[in-house]
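Here the structure comes first, spelled out in structure tokens, and everything after it is commentary.
The values are calculated or read from the model by the stated rules, or taken from the named source; none is laboratory data. No experiment lies behind these values; they were computed from the predicted model shown. All Cβ positions, even for glycine, are placed from backbone atoms using ideal geometry, and neighbour counts span all protein chains on display. Accessible surface is based on the protein model in full, side chains and every heavy atom, while ligands, DNA and RNA are left aside. Shrake-Rupley method; radii C 1.70, N 1.55, O 1.52, S 1.80 Å.
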Amino acid sequence: MRHVLEIDRMSASERATRNYVECEVNGKTHQTLVDSGAVVSCISEKAFEKLCEDHPISPCRYGVIGAGNHQLQVVGLAKLPIDLGTYSTDHVWTIIRGLTNKVILGNDFLMKHNCVGAFGQYLMVGNNRLP
């Protein structure tokens with residue numbers, strides 16, 4: 001079963017390369033970059049601090065290389081709820097210091113939840129349409 005989620009684009013200049021979807025992470029709504037080139041789903045350290053003041057952070061045993069081929073500073077891992085329309089689940093997020101985007105939905109989430117899509121047009125995760 002697959003859910004249809006419409007991608008929300010931020011601006012005309014970003015339409016060809018950046019795809020965003022509105023989702024809730026830990027009960028707070030974010031414009032989230034859907035990035036099939038990101039191996040892991042990430043949340044910026046600043047966004048995490050605002051979302052989860054007292055939420056525990058687990059150590060991370062891997063490094064993360066950014067799109068510009070530079071090492072990113074990994075703070076740790078946190079399991080947080082995510083809601084995409086009516087599709088809800090928990091997901092382990094990699095917390096990154098200095099991340100430009102607040103939230104990035106990466107290939108780990110897309111593969112685990114059998115997401116498919118024509119990026120820039122739609123994203124399918126089961127049967128629901130994101131409002």
Output for Cβ contacts, cut-off 7 Å, separation at least six or different chains, first residue in contact (Cβ under 8 Å) with a residue 60 or more places away in the chain and at negative phi in the range 73-84, second part of a strand (DSSP E or B) and open to solvent by less than 40 Å² (accessible area, probe 1.4 Å), reads Asp83/Cys23; Leu84/Leu5; Leu84/Val21; Leu84/Cys23
Listed by range, strands (runs of 3 or more DSSP E) wholly within the range 18-131 having at least 2 residues that are at pLDDT below 85 are 20-25, 116-118, 122-124
